[in-house]
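This report concerns only the one structure given below.
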Amino acid sequence: EEQKEIIKQNAKIGKLILNSVCDEIKAELKDIDSAQLMLKRLSRHKVKGKNMAYWINELDSIKTNKEEGIYEVIKRLEATFEYMEGEKYFLKEDDKMKYLHNAIPKSYIRRFTYEEKDTFETIAKKIKSDLNKIALYEGWKSKEKYDHDDPMEIDMVRKFKNN
């Protein structure tokens, strides 16, 4: 029974690894049954001092459970994708979308409808725009555009009125 569970977990991790790499590397890994051996093989592929397993772990670690953290998650994903592309390691758009989808709360991401032409960049832009509106209405700060420095903003007017 325990052995079956180990085999099941190994298969699950192996699928995750195969779904996280480009086609060229996927072809190299497809005949390997052990997830541990896949990770060893990935460690041979260097990306400016970082190996493929490092980047997969890095992308998998970018997550938030709160709407207030979504903007920061998107910035981290953008920076990671940009760095990887600069080093000639490219992810497919579907993979980028999967990382975005898995990184932010399901209750939030389900607000958006996807079209076939949508890319990570277009969805990230829509989310940032939405977050700026939420920040405006609910009073929490979006790290990109919305700061509460406008003296004509309704919250600032209230502060002056109450003083």
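The values are calculated or read from the model by the stated rules, or taken from the named source; none is laboratory data. Remember, it's a predicted structure, so these values are computed and weren't measured experimentally. In this analysis, Cβ positions are derived from the backbone assuming ideal geometry, glycine residues included, and neighbour counts consider all displayed protein chains. Accessible surface areas use protein heavy atoms only, side chains included; no ligands, DNA or RNA. Shrake-Rupley method; radii C 1.70, N 1.55, O 1.52, S 1.80 Å.
Lys/Arg Cβ at +1, Asp/Glu Cβ at -1, dipole of the range 81-139 taken about the Cα centre: which of Ile123, Tyr99, Thr113 is farthest positive-ward?
Farthest along the dipole direction, towards plus: Thr113.
How far, in nm, would the chain grow between Ile13 and Asp60 when pulled straight, counting 0.36 nm per residue and subtracting the alpha carbon separation? Please list the in-between numbers first.
Details: separation 47, 0.36 × 47 = 16.92 nm, distance 1.24 nm.
Extra length from Ile13 to Asp60 when fully extended: 15.7 nm.
I'd like the accessible area for Lys40, computed on protein heavy atoms only with a 1.4 Å probe and all protein chains in place. Round to 10 Å², please.
Surface accessible to solvent at Lys40 totals approximately 120 Å².
When a/c reaches 1.5 or more, the comparison of a/b and b/c decides; with that in mind, is the range 55-129 rounded, prolate or oblate per its Cα gyration tensor?
On the way: a/c = 1.83, a/b = 1.28, b/c = 1.43.
Here the range 55-129 falls in the oblate category.
So what does Thr122 come to for accessible area, using a 1.4 Å probe and Å² rounded to 10?
Accessible area of Thr122: about 50 Å².
To the nearest 0.05, how large is the calculated FRET efficiency for Lys106 and Asp31 if R₀ is 35 Å and r is the Cβ-Cβ distance? List each step's numbers first, then the result.
Details: r = 35 Å, r/R0 = 0.99.
For R0 = 35 Å, the calculated efficiency reads 0.50.
Could you derive backbone 3J(HN,Hα) for the range 77-87 from the dihedral phi with the Karplus parameters 6.51, -1.76 and 1.60 (θ = phi - 60°), listing whole Hz in sequence and x where the residue is Gly or Pro?
5, 4, 5, 5, 4, 5, 5, 4, 5, x, 9
Quick check: residue separation of Thr113 and Asp130 times 0.36 nm, minus the Cα distance between them. What number comes out in nm? Walk me through the numbers before you get to the answer.
On the way: separation 17, 0.36 × 17 = 6.12 nm, distance 1.33 nm.
Answer, rounded to one decimal: 4.8 nm.
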